[in-house]
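Asks: Have a look at this one.
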Amino acid sequence: MSSFHADIAILGGGMVGLALAYQLLERHPELSIVIIDKELELGCHSSGRNSGVLHAGLYYPPGTLKAQVCVQGARRLRAWCEAERLPVLACGKVIAPQALELDGQLELLLHRGQANGAEVQLIDRAEFHRLVPDGRTASDRALWSPGTCVVKPKLVLQRLEQRLRERGVAFQCGTHTARVQPESRALTLQSSSGEERVLRYGYLFNSAGLQADRMAQAFGLAEQCTLLPFKGVYWLLDPRAPFHFTTNLYPVPDLNLPFLGVHVTPSPDGSITLGPTAIPAWGRENYRGLEGVEPLMAVEFLGDLVSQWWRNAGGFRRYAREQALHGLKPLFVKAAQALVPGLRSEHLIPSEKVGIRAQLYDRQSGTLVQDFRLEHGEASTHVLNAISPAFTASFALADLILDQSPLASH
Ligand SMILES: Cc1cc2nc3c(=O)[nH]c(=O)nc-3n(C[C@H](O)[C@H](O)[C@H](O)COP(=O)(O)OP(=O)(O)OC[C@H]3O[C@@H](n4cnc5c(N)ncnc54)[C@H](O)[C@@H]3O)c2cc1C
């Protein structure tokens, strides 16, 4: 069997893997880097299927990894997109309480945002209606984040891939990892035609998104964790609908859960999307119908959901009541009406876009993991739970991963 060598192997060519390669080259331009992706083209999973919102950093408790990288990451990615002349819609974002009892959460988000270094302010009802004439706030207030913007995720990925290729990064797309041998720093790769080659690496980063936990487990790490896939379905606002949105409109999220709630997002191409849902998926890549269903995983997932519900971990029953059934259009419309009271079912048209969150579940603590999690092996670093805002934060997250990985000693 033929073999080849790279100083650095990156498993997974999503935004996290590409940003890692980019920041590695900024630090060590002499490194040889290969990015391996099982799909024939990049962007088939979360990084090509998300809302494209560059989050300002309001949600995350200070001190968490998310808080450390989101604000800087958003600024850097936005500046990079602008320098590359990629579309950036500088539209800001309003967060409005969808029920009166959620009004108090605005202060919490305000303080978190300020502590994280984000630009954010409380606004009154008049200002809210000036910004979102068709929206609703259940109290007299809302939060305004002027710095939030929206990009086209696939265009970002494509340009980043192009820049990395120009700088000598090799891409092995459509390539499966058949075997891993961490002790000899080798991976056996299998191409789509079945041909096998051995890759010998100096250091490996696992940024395999929805499969990252399985890859980490092949390296003997993260044994107590598994991924629970939550599907995000979007709807498009019919352009003939009598609404005008020039900014993002988000609800106050349930801060016990890692989901931000159904929101309204304008895109740089002029379209307006509503979503995403956060409904259980029955396979990590179960984007539509029965496609990608994993029966064993689905049974285990159901067991985990029942256990979460039974223990009401993190107020899980509220999730089950309020979000788990948003796959049903009438319930989705009801959730969206809390923010856009005039919305009717006929204003929504199905969107092609559907994404699945790579949500990590810690079986030991019985909780959904909230923060990013890094695990280190002998000559490898594994990026787990790269959920939102990993797209936003990617450049800063890559720097944090490089700073924390034992790569320097290899
Ligand atoms: C519905 C939804 C909306 C979101 N909205 C936002 C948002 O507005 N803003 C934001 O910042 N974040 C958002 N996110 C989160 C964001 O999309 C992710 O955090 C980010 O894209 C994760 O990037 P990644 O590189 O880790 O994963 P991915 O993009 O999933 O990339 C992983 C790659 O690994 C490859 N791979 C998998 N297994 C293997 C293997 N064994 N060998 C080789 N390759 C493998 C896959 O093919 C894939 O290309 C959203 C996510 C979802 C699902």
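The values are calculated or read from the model by the stated rules, or taken from the named source; none is laboratory data. Just so it is clear, the structure is predicted and the values come from calculations on it, not from any experiment. Every residue, glycine among them, receives a Cβ derived from its backbone with ideal geometry; neighbour counts consider all protein chains shown. The area values use the complete protein model at the heavy-atom level, side chains included, leaving out ligands, DNA and RNA. Shrake-Rupley method; radii C 1.70, N 1.55, O 1.52, S 1.80 Å.
Asks: Taking into account only those residues within the range 1-14 that are near the ligand (Cβ under 7 Å from one of its atoms) and in contact with a strand residue (DSSP E or B) (Cβ under 7 Å, 6 or more places away or on another chain), which is farthest from Arg197 (Cα to Cα)?
Replies: The selected residue is Gly13.
Asks: Test Gln211 against the stated conditions and say whether it is without any contact (Cβ under 8 Å) to a residue 12 or more places away in the chain, within 13 Å of the ligand (Cβ to nearest atom), at negative phi and not basic (Lys, Arg). Working first, answer last.
Replies: Working: without any contact (Cβ under 8 Å) to a residue 12 or more places away in the chain: no; within 13 Å of the ligand (Cβ to nearest atom): yes; at negative phi: yes; not basic (Lys, Arg): yes.
No: the conditions fail for Gln211.
Asks: Just one of the numbered conditions (1) touching a strand residue (DSSP E or B) at 6+ places or on another chain (Cβ under 9 Å); (2) away from the ligand (no atom under 16 Å from the Cβ); (3) closer than 22 Å to Ile95 by Cα is not true of Ala336; which one?
Replies: Every listed condition holds for Ala336 apart from (2).
Asks: Moving on. I need the full set of residues from the range 253-281 which are touching a Leu at 6+ places or on another chain (Cβ under 8 Å), assigned to a loop (DSSP other than H, G, I, E, B) and at pLDDT 95 or above, in order please.
Replies: Selection gives Ser267, Pro268, Ser271.
Asks: In addition: Can you name the residue in the range 357-380 that is of a type outside the set (Ser, Thr, Tyr) and away from the ligand (no atom under 16 Å from the Cβ) and, of all such residues, is surrounded by the most Cβ atoms within 10 Å (Cβ to Cβ)? Lay out the reasoning, then the answer.
Replies: Going residue by residue through the range 357-380, those that are of a type outside the set (Ser, Thr, Tyr) are 357-360, 362-364, 366, 368-379.
Of the ones still in play, those that are also away from the ligand (no atom under 16 Å from the Cβ) are 362-364, 366, 376, 378-379.
On the way: Asp362: 15, Arg363: 13, Gln364: 8, Gly366: 13, His376: 15, Glu378: 13, Ala379: 19.
Ranking the qualifying residues of the range 357-380, first place goes to Ala379.
Asks: Looking at Val94, Val132, Val120, which one is among the β-branched types (Val, Ile, Thr), more than 30 Å from Leu384 (Cα to Cα) and away from the ligand (no atom under 14 Å from the Cβ)?
Replies: One residue alone meets the criteria, Val132.
Asks: Something else about it: Taking Ala298 as meeting all but one of (1) under 20 Å from the mean Cα position of the chain (by Cα); (2) part of a helix (DSSP H, G or I), write down the number of the exception.
Replies: Here Ala298 meets the rest and fails (1).
Asks: Looking at the structure I just gave you, is Ala19 buried (at least 24 other Cβ atoms within 10 Å of the Cβ) and assigned to a helix (DSSP H, G or I)?
Replies: Answer is yes for this residue.
Asks: Continuing with this model, one more query. Looking only at residues in the range 15-72 that are within 7 Å of the ligand (Cβ to nearest atom) and among the basic types (Lys, Arg), which one is nearest to Leu402 (Cα to Cα)?
Replies: Lys38
Asks: Scan the range 219-235 for residues that are more than 9 Å from the ligand (Cβ to nearest atom), of a type outside the set (Ser, Thr, Tyr) and open to solvent by 10 Å² or more (accessible area, probe 1.4 Å) and jot them down.
Replies: The answer is Phe219, Gly220, Leu221, Glu223, Gln224, Trp235.
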